[in-house]
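S.K.: My questions all concern the structure below.
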Amino acid sequence: MSKILKYLKKYRVGVIVVFVLLIVQAYCDLSLPDYTANIIDVGIMQNGVDTVCPRVISEDSMEGVKLFMTDEEKQRVEDNYVLKDSVSDCDVPLKDGKKPEGTVYELDTDDSDVISQLDEDFGSAVMTYSAVLQMKPEDMAKMTAAEGTDKNAEMPDSDGMSMNDEQKAEHIQQQQGEAAPSAEMSVIDMIKGGMIDGLEMRKSVEDKYSTMSDMAFEQSAKAFWKTEYAAVGVDLDGMQKTYLFTEGGKMLAMAFLIMVCTIVICYLAAKIGAGVGLDLRVGVFKKVISFSNAEIDKFSTSSLITRSTNDIQQIQMVLTIMLRMCMYAPVLCIGGFIKVLNTNTSMVWIIGVAIALVLIVVATLMKVAMPKFKIMQKKVDRLNLVTREILTGLPVIRAFSREKYEEDRFDDTNKDLMKTMLFTNRVMTFMMPLMMFIMNGISVLIVWISSKQIDLGKLQVGSMTAFITYSMMIIMSFLMLSMISVMLPRASVAAERVDEILTSDPVIKDSENASSDVKIEKGVVKFDHVDFRYDNADADVVHDIDFIAEPGKTTAIIGSTGSGKSTLVHLIPRFYDVTGGKITIDGKDIREYTQHNLRDAIGFVPQKGVLFSGDIKSNLSFGCKDAPMEQLEKAAQIAQATEFIEAKPDKYDSPISQGGNNVSGGQKQRLSIARAIAKNPKILVFDDSFSALDFKTDVALRKALGENVKDSTVLIVAQRIVTIMNADNIIVLDEGRIAGQGTHSELIQNCDVYAQIVKSQLSEAEFEKQLAEAKATTDGKEEI
């Protein structure tokens, strides 16, 4: 995971913006269930009456309610309500056809904190006022008498005898200094007249309804105001529509904001993911370009291709999804928990059960599938390797009629990968059904438990709906994390594989002493007792190689197959580094030159001609982009390529397909030679580059080289004697060691290995002739 996240450092500003937008989106998502609950509980169930404190109230009702308020509550009410001459002066919908009558009070504040306080102030007072309006005077007298009985349980008469209930009631009224209420007086009148204490009455009502839940208490108060609104001429249907449209409008605004955030988040996530993919591909490419042949052999070409394409694509895809889902899920989960706690704490345990089940499912599936993801990437490498081998070796396969064998080999590799992928996919297919089962089961459990609480008046239908929605959000957040967990293992493996390349320290690199200002001037190459062996090899490939190659002279290297010829010339441009001794150019160790300056002075022609897609001109100027056309034509002439180039309709602009597949082997080799010559290098290295040429072209090319490349050091690796017979110095290799060194005339007489090679390529008569000529040349030199 850390290897994936470290790629985001460059894009931290974009990541922060995405995170902020995700918080905004989560806030909007978490707000929608509240609005839904309000629409159900307030808009539908309460006709849009959303507060316990009334929006408008008749003057008489206000005075009646205030009878049951404390002085502090009365003051707060008076500060926040304004007396209006008529309800038509208030900002509320009115009933059609009904003329408003009487003065009313209108709420004169929009401060939510003040309104919440007023809700508390009006709560018990309204319930008491509503209960008192339904009382008769005799009911009030009995209640007062009962209260008096409680306070005066052993109240004696003047003779010391106990009083009955009627006597006690009369005694209480006498103590209050009041006459018994007449039948015409209402309870409100009695309270206004001071015959009954309104606050004591409020306490009695609160005690009576003490078992009622706060929610039921609040709903009863709102139900009273619906009657009050209808009485003063307020259109309840209009109020309901206004509330529904207001809440619905807020929901639409939230939904629109969610849409905008989602679009921006997706854009930024895709841009960041693509940017990371671009950076990784550039980084991997630059690193691979710096690899020596040793690193290429270590990773293998097929694996490097997979890591540069498939693995980086996996990382890019997961990063994009992580920014959209993995960062969003925790925010949504935490916000959902907070909302759940505010909705109903008694059912939080249900969420705990759901999360535990989700974690168990995900952990089990990941434990089973995780090892297979690591194996899968290796099998992708194997499939790429087999595919590449078959495609590049198709002519050989057809020549040996091995199509059926290769088909079976590819089929076995393909099926092996398929089995691994099927196993992981089958394991992961259990995730979604199990998650849906958990989600649906939790929904049923919530409805079952909520129905009991709704029946007891402890929960409203809208709150239940909100709770279900929040629960699903929390579970969905874990589901999102589980979906990431499916892709994360494979992406983690891919990140490790890519990171292995990026953190790999190339074996061949510029030394600290290397200076870009130091360049090769002459091109004198000296092998000073050079040894080399491959990594993990038991013996040297070449051992104690010691010779000098000078400018203006041709040095040839010949030997049997596997004697180390190509390895030897690969050491000059530092495709490999020597393991013993040293190679110097112009007296300076090649490791003291920068790789760029070293290779810039070398024209290297590989054993297998390699051309790049483009045209002939672009291939010839590959090592010298600014070379004039005359220079390219001269190089082509020396390489004996002019004839077939001029024969093409577009000449030097003729297209070259990928790998040079639209030209013959000999033409490809000649273009490769011309490309090296066009650089005008100080050192020319031909690694068995004449093998694809016919004898006529070989002779003509070597003659042209001798005439036109007089200032360069020429090293030729060859298998054919005729190619190197005229070389100034011939190095004969046998099992990695120098078996002989000298001219053709000297070696054919003094070196058995060289003589055997000459014999194998010439007839007996030709060999004897060559030997005689060599002796004659030697005798002539001795006479001189």
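S.K.: Could you please let me know if I673 is under 27 Å from I572 (Cα atoms), under 57 Å from the mean Cα position of the chain (by Cα) and of a type in the set (A, V, I, L, M)?
M.R.: On the way: under 27 Å from I572 (Cα atoms): yes; under 57 Å from the mean Cα position of the chain (by Cα): yes; of a type in the set (A, V, I, L, M): yes.
So I673 passes the test.
S.K.: For the range 637-659, which residues satisfy the criterion of being open to solvent by 20 Å² or more (accessible area, probe 1.4 Å), more than 11 Å from K617 (Cα to Cα) and either acidic (D, E) or touching a residue at least 60 places away in the same chain (Cβ under 8 Å) (or both)?
M.R.: Q637, Q640, E643, E646
S.K.: Could we say that A774 is closer than 22 Å to L571 by Cα and either at pLDDT below 80 or touching a Phe, Trp or Tyr at 6+ places or on another chain (Cβ under 9 Å) (or both) here? Don't jump to the end; show me each part of the working.
M.R.: Numbers: closer than 22 Å to L571 by Cα: no; either at pLDDT below 80 or touching a Phe, Trp or Tyr at 6+ places or on another chain (Cβ under 9 Å) (or both): yes.
Criteria not met by A774.
S.K.: If I filter the range 530-537 for residues that are free of Cβ contacts under 8 Å to residues at least 12 places away in the same chain, in a loop (DSSP other than H, G, I, E, B) and open to solvent by 50 Å² or more (accessible area, probe 1.4 Å), do I get at least one hit?
M.R.: From the range 530-537, those free of Cβ contacts under 8 Å to residues at least 12 places away in the same chain are 536-537; that's our starting set.
Going one step further and asking which of them are in a loop (DSSP other than H, G, I, E, B), we end up with 536-537.
Subsequent filtering for residues that are open to solvent by 50 Å² or more (accessible area, probe 1.4 Å) retains 536.
Among the residues of the range 530-537, at least one is free of Cβ contacts under 8 Å to residues at least 12 places away in the same chain, in a loop (DSSP other than H, G, I, E, B) and open to solvent by 50 Å² or more (accessible area, probe 1.4 Å), which makes the answer yes.
S.K.: So which residues in the range 334-354 are in a helix (DSSP H, G or I) and open to solvent by less than 20 Å² (accessible area, probe 1.4 Å), if there are any at all? Can you show your working first?
M.R.: Taking the range 334-354 and keeping what is in a helix (DSSP H, G or I), we get 334-343, 345-354.
G335, G336, V340, M347, I350, I351, A354, listed by residue number.
S.K.: Which ones in the range 538-557 are within 14 Å of V714 (Cα to Cα) and open to solvent by less than 30 Å² (accessible area, probe 1.4 Å)?
M.R.: Filtering the range 538-557 for residues within 14 Å of V714 (Cα to Cα) gives 547-557.
Correct list: F547, A549, T555, A556, I557.
S.K.: Separate question: Is at least one residue of the range 121-139 touching a Cys at 6+ places or on another chain (Cβ under 6 Å), modelled with pLDDT of 85 or more and either in a helix (DSSP H, G or I) or closer than 22 Å to Q219 by Cβ (or both)?
M.R.: Yes.
S.K.: Of L319, L365, which residue is under 21 Å from the mean Cα position of the chain (by Cα), surrounded by 19 or more Cβ atoms within 10 Å (Cβ to Cβ) and assigned to a helix (DSSP H, G or I)? Walk me through it before giving the result.
M.R.: Details: L365 fails: under 21 Å from the mean Cα position of the chain (by Cα).
Answer to the selection: L319.
S.K.: Quick one: what pairs do we get from the range 291-316, first residue over 24 Å from V276 (Cβ atoms), second modelled with pLDDT of 85 or more and aromatic (F, W, Y), C-beta under 8 Å, 6+ apart or different chains?
M.R.: Note: pairs meeting the criteria are S292/F575; S292/Y576; N293/F575; N293/Y576; A294/Y576.
S.K.: Whether any residue in the range 293-308 is crowded, with 18+ Cβ neighbours inside 10 Å and within 30 Å of L30 (Cα to Cα) is what I want to check.
M.R.: Scanning the range 293-308, I find no residue that is crowded, with 18+ Cβ neighbours inside 10 Å and within 30 Å of L30 (Cα to Cα), so the answer is no.
Quick grid of which residues meet (1) within 25 Å of S86 (Cα to Cα); (2) modelled with pLDDT of 80 or more:
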{"residue": "Q176", "(1), (2)": "no, no"}
{"residue": "A180", "(1), (2)": "no, no"}
{"residue": "M185", "(1), (2)": "no, no"}
{"residue": "M190", "(1), (2)": "no, no"}
{"residue": "K203", "(1), (2)": "no, yes"}
{"residue": "F217", "(1), (2)": "no, no"}
{"residue": "F224", "(1), (2)": "yes, yes"}
{"residue": "D237", "(1), (2)": "yes, yes"}
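S.K.: Could you give me the residue pairs with C-beta distances under 9 Å whose first residue belongs to the range 323-337 and is without any contact (Cβ under 8 Å) to a residue 24 or more places away in the chain and closer than 13 Å to I355 by Cβ, whose second residue is open to solvent by less than 20 Å² (accessible area, probe 1.4 Å) and part of a helix (DSSP H, G or I) wherever it lies, and which are 6+ apart or on separate chains?
M.R.: I334/A26; I334/S477
S.K.: Restricting attention to the range 452-478, and to residues there that are among the hydrophobic types (A, V, I, L, M, F, W, C) and not in a helix (DSSP H, G or I), which single residue is least open to solvent (accessible area, probe 1.4 Å)? Working first, answer last.
M.R.: Applying the first criterion (among the hydrophobic types (A, V, I, L, M, F, W, C)) to the range 452-478 yields 454, 456, 459, 461, 464, 466-468, 472-476, 478.
The next check asks that each one be not in a helix (DSSP H, G or I); those that pass are 456, 459.
Working: L456: 116, L459: 8 Å².
Among those residues, the one meeting the criterion is L459.
S.K.: What tally of residues in the range 479-513 results from selecting those that are over 29 Å from R307 (Cβ atoms) and either open to solvent by less than 40 Å² (accessible area, probe 1.4 Å) or at pLDDT 85 or above (or both)? Write out each step before concluding.
M.R.: Residues of the range 479-513 over 29 Å from R307 (Cβ atoms): 479, 512-513.
Still in the list and also either open to solvent by less than 40 Å² (accessible area, probe 1.4 Å) or at pLDDT 85 or above (or both): 479.
Residues flagged as over 29 Å from R307 (Cβ atoms) and either open to solvent by less than 40 Å² (accessible area, probe 1.4 Å) or at pLDDT 85 or above (or both) within the range 479-513 amount to 1.
S.K.: For L733, are the conditions met, namely being under 23 Å from R670 (Cβ atoms) and crowded, with 20+ Cβ neighbours inside 10 Å?
M.R.: Working: under 23 Å from R670 (Cβ atoms): no; crowded, with 20+ Cβ neighbours inside 10 Å: yes.
In short, no.
S.K.: Of the residues that sit in the range 332-362 and are of a type in the set (G, A, S) and at pLDDT 80 or above, which one is farthest from the chain's Cα centre (by Cα)?
M.R.: Keep residues of the range 332-362 that are of a type in the set (G, A, S), which gives 335-336, 346, 352, 354, 356.
Within this subset, residues satisfying the condition of being at pLDDT 80 or above are 335-336, 352, 354, 356.
On the way: G335: 23, G336: 24, G352: 29, A354: 27, A356: 26 Å.
That would be G352.
S.K.: Turning to a different aspect of this structure: From the set of residues in the range 94-118 that are small (G, A, S) and part of a helix (DSSP H, G or I), which is nearest to W225 (Cα to Cα)?
M.R.: Within the range 94-118, the first condition is being small (G, A, S), and the residues that meet it are 97, 102, 112, 116.
Then drop every residue that is not part of a helix (DSSP H, G or I), which leaves 112, 116.
Values: S112: 19, S116: 16 Å.
Filtering first and then ranking leaves S116.
Conditions tested, residue by residue: (1) small (G, A, S); (2) farther than 21 Å from S613 by Cα; (3) open to solvent by less than 10 Å² (accessible area, probe 1.4 Å).
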residue: N661; (1), (2), (3): no, no, no
residue: G666; (1), (2), (3): yes, no, no
residue: R675; (1), (2), (3): no, no, no
residue: S689; (1), (2), (3): yes, no, yes
residue: D694; (1), (2), (3): no, yes, no
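S.K.: How many residues, within the range 592-636, are among the basic types (K, R), surrounded by 17 or more Cβ atoms within 10 Å (Cβ to Cβ) and within 30 Å of A514 (Cα to Cα)? Before the answer, list the steps.
M.R.: Step one: list which residues in the range 592-636 are among the basic types (K, R), which gives 599, 608, 617, 625, 634.
Then drop every residue that is not surrounded by 17 or more Cβ atoms within 10 Å (Cβ to Cβ), which leaves 599, 617, 634.
Okay, now just the ones that are also within 30 Å of A514 (Cα to Cα), so 599.
Looking only at that region, the number is 1.
S.K.: I'd like to know if the range 77-93 contains one or more residues that are in a loop (DSSP other than H, G, I, E, B), buried (at least 16 other Cβ atoms within 10 Å of the Cβ) and touching a residue at least 40 places away in the same chain (Cβ under 8 Å). Explain how you work it out, then say what you get.
M.R.: So the first thing to find is which residues in the range 77-93 are in a loop (DSSP other than H, G, I, E, B), and the list is 85-86, 90-93.
The next check asks that each one be buried (at least 16 other Cβ atoms within 10 Å of the Cβ); those that pass are 90, 92-93.
In the following step, the residues that additionally are touching a residue at least 40 places away in the same chain (Cβ under 8 Å) were identified as 92-93.
Scanning the range 77-93 turns up at least one residue that is in a loop (DSSP other than H, G, I, E, B), buried (at least 16 other Cβ atoms within 10 Å of the Cβ) and touching a residue at least 40 places away in the same chain (Cβ under 8 Å).
S.K.: A further question follows. Among the listed residues K588, K608, K634, which satisfies the condition of being without any contact (Cβ under 8 Å) to a residue 60 or more places away in the chain and either more than 12 Å from R670 (Cα to Cα) or not polar (S, T, N, Q) (or both)?
M.R.: Values: K588 fails: without any contact (Cβ under 8 Å) to a residue 60 or more places away in the chain; K634 fails: without any contact (Cβ under 8 Å) to a residue 60 or more places away in the chain.
Answer to the selection: K608.
S.K.: Which condition breaks for R402 when tested against (1) under 26 Å from I312 (Cβ atoms); (2) open to solvent by 70 Å² or more (accessible area, probe 1.4 Å)?
M.R.: Unmet for R402, out of (1) under 26 Å from I312 (Cβ atoms); (2) open to solvent by 70 Å² or more (accessible area, probe 1.4 Å): (1).
S.K.: Out of curiosity, is A774 closer than 26 Å to S563 by Cα, small (G, A, S) and open to solvent by less than 30 Å² (accessible area, probe 1.4 Å)?
M.R.: Values: closer than 26 Å to S563 by Cα: yes; small (G, A, S): yes; open to solvent by less than 30 Å² (accessible area, probe 1.4 Å): yes.
Yes, satisfied.
S.K.: So, one more: So the check is Cβ under 6 Å with 6+ separation or different chains; which pairs have a first residue in the range 339-367 that's closer than 24 Å to D29 by Cα and a second one that's of a type in the set (S, T, Y) and at pLDDT below 80?
M.R.: T343/S463
S.K.: Against the condition assigned to a helix (DSSP H, G or I) and closer than 21 Å to L5 by Cα, how does R426 come out, does it pass?
M.R.: Working: assigned to a helix (DSSP H, G or I): yes; closer than 21 Å to L5 by Cα: no.
Here the answer is no, as R426 does not meet what is asked.
S.K.: Something else: Cβ-Cβ under 8 Å, sequence separation 6+ or interchain: first residue in the range 20-42 and touching a residue at least 24 places away in the same chain (Cβ under 8 Å) and β-branched (V, I, T), partner open to solvent by 10 Å² or more (accessible area, probe 1.4 Å) and not in a helix (DSSP H, G or I). Which pairs?
M.R.: Within 8 Å, the pairs are I40/Q460; V42/D50.
S.K.: Cβ-Cβ under 9 Å, sequence separation 6+ or interchain: first residue in the range 704-723 and of a type in the set (K, R), partner crowded, with 20+ Cβ neighbours inside 10 Å and at pLDDT 85 or above. Which pairs?
M.R.: R720/I558
The values are calculated or read from the model by the stated rules, or taken from the named source; none is laboratory data. Quantities reported herein were computed from a predicted structural model and do not represent experimental measurements. Glycine also receives a Cβ, built like all others from the backbone with ideal geometry; neighbour counts cover every protein chain displayed. When the accessible area is computed, the model is the full protein with side chains, heavy atoms only, and any ligands, DNA or RNA have been set aside. Shrake-Rupley method; radii C 1.70, N 1.55, O 1.52, S 1.80 Å.
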